[in-house]
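A short worksheet on the structure shown next.
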Amino acid sequence: MDAEVVFYPGGKSARVRRGTTVLDAARRAGVTIATRCGGKAACFMCKVTVRPSSELLPMGDAERRKLAGLEQKHMRLACQTRVSGRTEVELPPDPLRSAVANALARQKEMDELW
């Protein structure tokens, strides 16, 4: 094992071989990253943000086409991104938790108005 991948929030990590995808590293760390296409860069569900200091292998053509410039904002597809050393990954907020948090915030605002 010659690479470490750390997932935020939470700080769970996995030690993996160089060339392992972020998606496979997440599975090894017990971190869920949603995907529908089985790792073929087709669904865009496994989009994550990698910290600039992350050590990654060069991006492939399929991922580059799918991201269409979002890589400039450090976004990558977990199913295509391969690690070459220490890598830090920011996971997107869980959609259900985000929806609940937004609903609670709106309710709080309404309660404060009354």
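Look through segment 30-85, keep the residues that are among the basic types (Lys, Arg) and under 16 Å from PHE7 (Cα atoms), and return whichever of them is surrounded by the most Cβ atoms within 10 Å (Cβ to Cβ).
Looking at residues that are among the basic types (Lys, Arg) and under 16 Å from PHE7 (Cα atoms), I get ARG76.
Please work out if ARG97 is among the charged types (D, E, K, R), in contact with an Asp or Glu (Cβ under 9 Å, 6 or more places away or on another chain) and loosely packed, with under 14 Cβ neighbours inside 10 Å.
For ARG97, the condition - among the charged types (D, E, K, R), in contact with an Asp or Glu (Cβ under 9 Å, 6 or more places away or on another chain) and loosely packed, with under 14 Cβ neighbours inside 10 Å - is not met.
Spot the failing condition for GLU90; the list is (1) surrounded by 17 or more Cβ atoms within 10 Å (Cβ to Cβ); (2) in contact (Cβ under 8 Å) with a residue 60 or more places away in the chain, and only one is missed.
The failed condition is (1).
Could you check segment 43-84 and list, in sequence order, the residues that are of a type outside the set (A, V, I, L, M) and at positive phi?
Those that are of a type outside the set (A, V, I, L, M) and at positive phi: PHE44, GLY69, HIS74.
When only residues in segment 1-24 that are loosely packed, with under 14 Cβ neighbours inside 10 Å and among the small types (Gly, Ala, Ser) count, which is farthest from LEU91 (Cα to Cα)?
Within segment 1-24, the match that is farthest from LEU91 (Cα to Cα) is GLY19.
Within segment 54-87, how many residues turn out to be small (Gly, Ala, Ser), in contact (Cβ under 8 Å) with a residue 12 or more places away in the chain and more than 19 Å from ARG15 (Cβ to Cβ)?
2
In contact (Cβ under 8 Å) with a residue 24 or more places away in the chain and open to solvent by 100 Å² or more (accessible area, probe 1.4 Å): is that true of ARG27 in this structure?
No, not satisfied.
The values are calculated or read from the model by the stated rules, or taken from the named source; none is laboratory data. Being a predicted model, the structure only gives us computed values, none of them experimental. Heads up, the Cβs are rebuilt from the backbone with ideal geometry, glycines too, and the neighbour counts pull from every protein chain shown. We work out accessible area using only protein heavy atoms, side chains counted, and drop any ligands, DNA or RNA first. Shrake-Rupley method; radii C 1.70, N 1.55, O 1.52, S 1.80 Å.
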